[in-house]
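The values are calculated or read from the model by the stated rules, or taken from the named source; none is laboratory data. Note that the structure is a prediction, hence the values are computed from the model and not measured. Quick reminder, even Gly has a Cβ in these numbers, built from the backbone with ideal geometry, and neighbours come from all protein chains shown. Protein only, heavy atoms only, side chains kept; ligands, DNA and RNA dropped before computing areas. Shrake-Rupley method; radii C 1.70, N 1.55, O 1.52, S 1.80 Å.
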Amino acid sequence: LGFESIDYVNILDSRDISARVDELRLLKNGWLEGQGVAPPHEGLNWLSRIFAERYPEDLPLPFLYPMEDGGIRAEWSLASHEASLDVDLVSHAAEWHVLNLQTDVDNTKSLSLNESNDWKWLVKQVQQLTGDEA
């Protein structure tokens, strides 16, 4: 078996949300040295959909990582800042955290990712950290 020709190749960004969510679906309970809870598939579906709907395509995508409790952490490395969003896939609550690496000043904020105003706030934060304020 082999390929005769390839007409198109699409290289996925390692931060592509839907591709990463597909990888996270493969996790089983106990994934972290016997302790990690697998993220719920319904919650992963929601996360993929809500990012596609509310996160602008022109902003840097976060890296997604599973959390021991079944949630997902989104992480951005932006200029002199490290930012993360810990997402509860059941309640859709999230905790934003940003650390200024030059000053060691950090800030946190609790969000509901079902609320459009919280998404607007989140997008504005990422825009500010990238220097891409509209």
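Values computed for the structure shown
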read-out	value
Members of region 102-134 found to be touching a residue at least 40 places away in the same chain (Cβ under 8 Å) and open to solvent by 50 Å² or more (accessible area, probe 1.4 Å), listed by number	Ser116, Thr130, Gly131, Asp132
Qualifying positions in region 27-50 - under 17 Å from the mean Cα position of the chain (by Cα) and aliphatic (A, V, I, L, M)	Leu27, Ala38, Leu44, Leu47, Ile50
Residue in region 30-48 that is in contact with a helix residue (DSSP H, G or I) (Cβ under 7 Å, 6 or more places away or on another chain), modelled with pLDDT of 95 or more and hydrophobic (A, V, I, L, M, F, W, C) present	yes
Residue count, region 42-82 (criterion: over 14 Å from Gln125 (Cα atoms), touching a residue at least 40 places away in the same chain (Cβ under 8 Å) and buried (at least 17 other Cβ atoms within 10 Å of the Cβ))	7
Strands (runs of 3 or more DSSP E) lying entirely in region 51-134 (those with 3 or more residues that are within 26 Å of His41 (Cα to Cα), under 13 Å from the mean Cα position of the chain (by Cα) and at pLDDT 95 or above)	63-66, 72-78, 81-87, 93-100
Filtered residue count, region 23-41, keeping only those that are in contact with a Gly (Cβ under 9 Å, 6 or more places away or on another chain) and surrounded by 12 or more Cβ atoms within 10 Å (Cβ to Cβ)	6
Per-region count, region 32-50, residues in contact with an Asp or Glu (Cβ under 9 Å, 6 or more places away or on another chain) and in a loop (DSSP other than H, G, I, E, B)	4
